[in-house]
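Asks: I have a structure here, written as structure tokens, and I will follow up with some questions on it.
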Amino acid sequence: MSPRPAVAVLAALLWGGCAAAAPPPAAVSVHPELWSVVAPPSPDAATEAFVQQLLAHMSLEDKVGQMIQADIASISPAELRTYKLGSILAGGNAAPGDSVRTSPQAWLDLTDEFYRASLAATSVEHPPIPILFGIDAVHGHAKILGATIFPHNVGLGAAHDPGLIQRIGQATAEEVAATGIDWTFAPTVAVARDVRWGRSYESYSESPELVAGYAAAMVTGLQGQFATPQFMAPGHTLSSVKHFLGDGGTLDGRDQGNTILAEAELRAVHGAGYPAAIKAGALIVMASYNSWNGVKMHANRYLLTDILKGRLGFEGFVVGDWNAHEQIPGCTKYRCAAAILAGVDMLMAPDGWRQLYKNTLAQVRAGEIPQARIDDAVRRILRVKTIAGLFKRAAPKQRSDAGELSRLGSPAHRELARAAVRESLVLLKNEHGILPLNPQAKILVAGEAADSIAMQAGGWTVDWQGDHNSNADFPGATSIFGGIQAAVAAAGGSASLDKDGRYAEKPDVAVVIFGERPYAEFEGDRETLEFAPRGQHELELLRRLRAAGVPTVAVFLSGRPLWVNREINASDAFVAAWLPGSEGEGVADVLFRSAQPRQYDFTGRLAFSWPATAMPVTFDAAGKVSGAQFPLGWGLDYASAADSPPLAEDPGVPPNWAAPKGSLFHAGHVVAPWSIFVADDSAEVHLTTARQESPRGTVVATAGPDGVSADWAGEGGMLRISGRAQDFGHRAKQGDTLDVRYRIDRAPTRSVKIGMRCSQPLCGTSSGAMLDVTRVFKRAAPGSWQTLSIPLSCFADGGADLAQVEVPLAIETTDRFRLTISEASLVHKGAGAAPGCP
């Protein structure tokens, strides 16, 4: 699930010729016989009879309402009484009282109020239909303060332990149920093949077999064993398996991008988790943002209906992702028959649900959507609600498994999470047998992440991105430094903390804890896999300690394998700790010698190949990996540790691939984590294929070998590069410029503006942040490449608050105009060297 602010949304996929390999839908050859027929557990006759009777007494308004899911940030319980929607979610940073740091009791109060409102939203013709309340509990109930936060999936994959996954699913469900929530958007069964993808940490492994085993285990853990009294008994929640299909296989690892594969490989690799999950009783599948060979999944009837609901026998319902239907050509977030016709049964319409509800009603009445398709979708939704026991459940505050908020972060759950941390750790180097450490020694703990539970937990924790958290947001949790300190103190040693690795008295050993800062989804997309934040500060720290003769252990936190050869060479021991979550003691358990309660060893083994260069490993059609430094399944333990030769320190990035610092658009692709959109006064559309129209068709963007071309029809519209808000104020003071290399393909006759925009509300006024560049473009010779350089201070002088820039480049006009952009970047010119304002 994927929350989006009004302007800064999505990740980017744009490169010249990408869709040349993607035939149009009519030309795609499909082979349903490639897919195994799955025989999932079937609903009993009593369930089907109840659903059919209920369906027969529902009005069209009732039915369409069941097919829409709204976010708590845009709907109130009072409105639910009127609109009779089928589901509510709490996505992104939505929370009771608009505060992600609210209490667990406030969550229970909210779920109870919405549930009671749904029971009131009925007519005399049929019984009340309760809502399904959904939330992203993807590594524990991590939006709730005090909950147990388990390692992210990338770490759990390294444990190679389906039984552990099932126990984590059950513990997560207990904590979710305690707040009155029926449904979690998990598990992710993506098979990530290019870990530059910002959602790689949501993938268990590059191995389809491991993912399939984990899919069944997590579904069973969350829901209980299907067709037994345990299923959806108190302390269990519905799962939703996601994202169908191919989200882990997009070209260049771009979130929401295009997966270009033969159908046999799509099935064998990216489809592996779904048969296992369906056999385990999965009742909800979430459709994916990505395209398969150029066709958006939300519009892919063949895969959603013919394969998932046909060959795989899936009898539950398909839910869309956050406004993902608006990415289908011809659709907006307010109107999209194509997604329903393709097989999406419930549209996730967090902020556009009112208009979508009314427009869908009109489309059914006009015959654009057949009544039979509506009945099929609603029948599936009601079937899931019936099988899950929702019609027999009390309101959340009256349930036996809700309100027991002591289940959140309970000692048993924290001990399970601590064990999961131990099992997930992978030892990549142990020179001279430095590990395990003597807990009676004098230990220096250093690094930015040493005492940061936020960095341990990563994204999808408290808030969406997870990057605004402090240790105070994790009551009951322990940082890695806290775990080390406790272990050492218990043995009579000492542990001191200095993030920069400074000391007055030389330590016996240093433990340096560092890694990726939190991110979620497209914000985590990368151009390369080189880890070098802030001028390689961590590398310099490791080298300085080693040069001083201090034995050094590196503990690396990351949501994926990254190229860290230089950091490994600068360390005596190197541990891949992934994103371990709230129980930092699990790391200390394995780092130190101990007799009590036992000596833990490194049992984690890589679930992803570790790259030999800063470019990702590659896979051939048979799954053979090239470019791995450490292969799938690799990892040391204390017995196998041996000295190893230094690793190559050349990152091996192809020429011109890595974008210069400050690039927005380079070498035919938008630079991660920025995104390209076309927009008009109706809505905006993310450009993830070779050609994309704005919702009303007033501006069309096309990717080609020269860059991205934008063609305005003379009715208004905008091309813009968007991303998460960044502070450009200091760059303006230093004389930095926005440089755009462009070619005029049709000269303008009316006004054309270029600007920067800030987080909502827009910085200054719309015109204040937009500069008129009509004269520049009129003077430019058509067909020849030019560079426009605009000092950032010009935007500030025009009224822009550059401290919160979400859109570093926007081009708008009401003219018939066409241009192509090959490069766009923020360039440091130095004070006095920048040109004047246009």
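The values are calculated or read from the model by the stated rules, or taken from the named source; none is laboratory data. Just so we're clear, the structure is a prediction, and the values are computed from it rather than from any experiment. Methodologically, a virtual Cβ is constructed for each residue, glycine included, from the backbone with ideal geometry; neighbour enumeration extends over all protein chains shown. Note: accessible area is taken over every heavy atom of the protein model, side chains too, but ligands, DNA and RNA are not part of it. Shrake-Rupley method; radii C 1.70, N 1.55, O 1.52, S 1.80 Å.
Asks: What are the trypsin sites (Lys or Arg not before Pro) within segment 590-640 that DSSP puts in a loop, where the Cβ has at most 16 other Cβ atoms within 10 Å?
Replies: Counting only loop positions with at most 16 other Cβ atoms within 10 Å, the trypsin sites (Lys or Arg not before Pro) in segment 590-640 are ARG593, ARG598, LYS624.
Asks: Then there is this: Quick check: with the 1.4 Å probe, what order do ASP801, ASP681 take by accessible area, largest first?
Replies: Result of the area sort, largest leading: ASP681, ASP801.
Asks: Per the 1.4 Å probe, what fraction of the accessible area of segment 255-300, in percent, lies on carbon and sulfur atoms?
Replies: On the way: 480 of 860 Å².
Solvent-exposed carbon and sulfur of segment 255-300 make up 56 percent of the total.
Asks: A follow-up question, please. Between SER103 and ALA547, how many nm apart are label points set 7 Å from Cα along the C-beta direction?
Replies: For the pair SER103/ALA547, the computed spacing is 5.4 nm.
Asks: Another question about this same structure. Taking 51 Å as R0, compute the FRET efficiency from the Cβ-Cβ separation of LYS624 and LYS661 and round it to 0.05.
Replies: Working: r = 35 Å, r/R0 = 0.69.
Efficiency computed from Cβ-Cβ geometry: 0.90.
Asks: On the protein heavy atoms, probe 1.4 angstrom, tell me the percent of accessible surface of segment 426-502 carried by carbon and sulfur.
Replies: Here it works out to 48 percent.
Asks: Now, a different point. Cα-based Rg of segment 32-164 per 2.2 N^0.38 Å, rounded to two decimals?
Replies: Working: Rg = 19.0 Å, N = 133, 2.2 N^0.38 = 14.1 Å.
Normalised by 2.2 N^0.38 Å, the Cα Rg of segment 32-164 equals 1.35.
Asks: Here is a follow-up. Where in segment 778-795 does the label zone of SER751 land, with the point 7 angstrom along Cα→C-beta and an amide N cut-off under 16 Å?
Replies: The answer is 778, whose backbone nitrogens lie closer than 16 Å to the label point.
Asks: Then there's this: What distance in nm lies between label points placed 7 Å from Cα along the C-beta direction at ALA490 and GLN225?
Replies: Label-label distance for ALA490 and GLN225, simple model: 3.5 nm.
Asks: Using 0.36 nm per residue, how much length does the chain from ASP797 to ASP681 gain when fully extended, once their Cα-Cα distance is taken away? Could the numbers behind the result be given before it?
Replies: Values: separation 116, 0.36 × 116 = 41.76 nm, distance 2.63 nm.
Answer, rounded to one decimal: 39.1 nm.
Asks: Return one whole number: the accessible area per residue of the chain in Å², for a 1.4 Å probe. Could you put the intermediate results ahead of the total?
Replies: Working: 27290 Å² over 838 residues.
Counting only protein heavy atoms, the per-residue value for the chain is 33 Å².
Asks: Please compute the alpha carbon radius of gyration of segment 776-838, then divide it by the globular-protein estimate 2.2 N^0.38 Å. Two decimals is fine. Spell out each step's value before the answer.
Replies: Details: Rg = 13.4 Å, N = 63, 2.2 N^0.38 = 10.6 Å.
So segment 776-838 has a normalised radius of gyration of 1.27.
Asks: Given a Förster distance of 22 Å, report the FRET efficiency between GLN371 and LEU119 from their Cβ-Cβ distance, rounded to the nearest 0.05.
Replies: Values: r = 26 Å, r/R0 = 1.20.
For GLN371 and LEU119, the calculated efficiency is 0.25.
Asks: A follow-up question, please. Return the equivalent ellipsoid semi-axes of the chain as a descending list in whole Å, where each equals the square root of 5 times an eigenvalue of the C-alpha gyration tensor.
Replies: Semi-axis lengths for the chain are 40, 38, 24 Å.
Asks: Once phi is turned into ³J(HN,Hα) by the Karplus curve 6.51 cos²θ - 1.76 cosθ + 1.60 with θ = phi - 60°, what whole-Hz value does each residue of segment 304-321 show in order, with x for glycine and proline?
Replies: Going residue by residue, I get 6, 9, 5, 8, 4, 8, x, 4, 7, x, 6, 10, x, 10, 9, 9, x, 9 Hz, with x marking Gly and Pro.
Asks: While we're on this one: Give the relative contact order (percent, whole number) for segment 404-497; include only Cα pairs under 8 Å separated by 6+ residues.
Replies: That works out to 32 percent.
Asks: Next question, about the same structure. Evaluate Rg over Rh across segment 100-246, taking Cα atoms for both radii and Kirkwood's formula for Rh. Working shown, then result.
Replies: Details: Rg = 16.5 Å, Rh = 16.2 Å.
We get a ratio of 1.02 for segment 100-246.
Asks: Taking all protein chains as present, what is the carbon and sulfur share of the accessible area of segment 513-579, in % to the nearest whole number, probe 1.4 Å? Numbers along the way, then the final one.
Replies: Numbers: 750 of 1510 Å².
With neighbouring chains kept in place, the figure for segment 513-579 is 49 percent.
Asks: Would you kindly work out the equivalent ellipsoid of segment 224-292 from its C-alpha gyration tensor and give its semi-axes, the square roots of five times the eigenvalues, largest first in whole Å? The partial results should precede the final answer.
Replies: On the way: eigenvalues 174, 33, 9 Å².
Working from the Cα gyration tensor, I get semi-axes of 30, 13, 7 Å.
Asks: Figure the gain on full extension for SER29 and GLN52 (residue separation times 0.36 nm, minus the Cα-Cα span) and round it to one decimal in nm. All intermediate terms of the calculation are to be shown ahead of the outcome.
Replies: Values: separation 23, 0.36 × 23 = 8.28 nm, distance 3.63 nm.
Difference between extended and current length: 4.6 nm.
Asks: Also, I was wondering about something else. At ARG691 and HIS537, where each label point lies 7 Å from the Cα along Cα→Cβ, what is the point-to-point distance in nanometres?
Replies: Placing both labels 7 Å along Cα→Cβ, they lie 4.8 nm apart.
Asks: Rounded to the nearest 20 debye, what is the charge dipole size of segment 81-165 about its Cα centre when +1 sits on each Lys and Arg Cβ and -1 on each Asp and Glu Cβ?
Replies: Numbers: 5 positive and 7 negative charges, 22 e Å.
Once rounded to the nearest 20, the dipole reads 100 debye.
Asks: If you place +1 on the Cβ of every Lys and Arg, -1 on the Cβ of every Asp and Glu, and leave all else neutral, what size is the dipole of the chain about its Cα centre, to the nearest 20 Debye? Before the final figure, lay out each step's value.
Replies: Working: 73 positive and 86 negative charges, 207 e Å.
Using Cβ point charges on Lys, Arg, Asp and Glu, the chain gives about 1000 debye.
Asks: If r is the Cβ-Cβ distance from ASN471 to SER644 and R0 is 25 Å, what FRET efficiency results, to the nearest 0.05? Could you put the intermediate results ahead of the total?
Replies: Details: r = 36 Å, r/R0 = 1.43.
Step by step, r from the Cβ atoms, then E = 0.10.
Asks: With both bridge residues required to lie in the chain, what share of the DSSP beta bridges run antiparallel, to the nearest 5%? Walk me through the numbers before you get to the answer.
Replies: Working: 70 of 115 bridges.
Counting DSSP beta bridges with both partners in the chain, the antiparallel share is about 60 percent.
Asks: Here's another thing I want to ask about it. Step through the table entries LYS63/LYS309; LYS296/LYS753; LYS778/LYS829, compare each Cα-Cα distance with 28 Å, and write down the pairs that go over it.
Replies: In this structure, LYS296/LYS753 exceed 28 Å between Cα atoms.
Asks: Expected output is a single nm value to one decimal: the length gained when fully extending between GLN599 and SER406, i.e. 0.36 nm times separation in residues minus the C-alpha distance. What is it?
Replies: On the way: separation 193, 0.36 × 193 = 69.48 nm, distance 3.07 nm.
Extending this stretch completely gives an extra 66.4 nm.
Asks: Could you run the Karplus curve 6.51 cos²θ - 1.76 cosθ + 1.60 with θ = phi - 60° over segment 641-647 and give me ³J(HN,Hα) per residue in whole Hz, x for Gly and Pro?
Replies: Result, rounded to whole Hz: 4, 8, 5, 9, x, x, 8.
Asks: Between segment 236-259 and segment 593-617, what is the C-alpha centre distance in whole Å?
Replies: 26
Asks: Moving to a separate point now. Summarise the long-distance tail of P(r) for segment 409-488 by giving the % of C-alpha pairs beyond 19 Å. It would help to have the intermediate numbers written out before the result.
Replies: On the way: 1568 of 3160 pairs.
I get 50 percent for the Cα pairs in segment 409-488 exceeding 19 Å.
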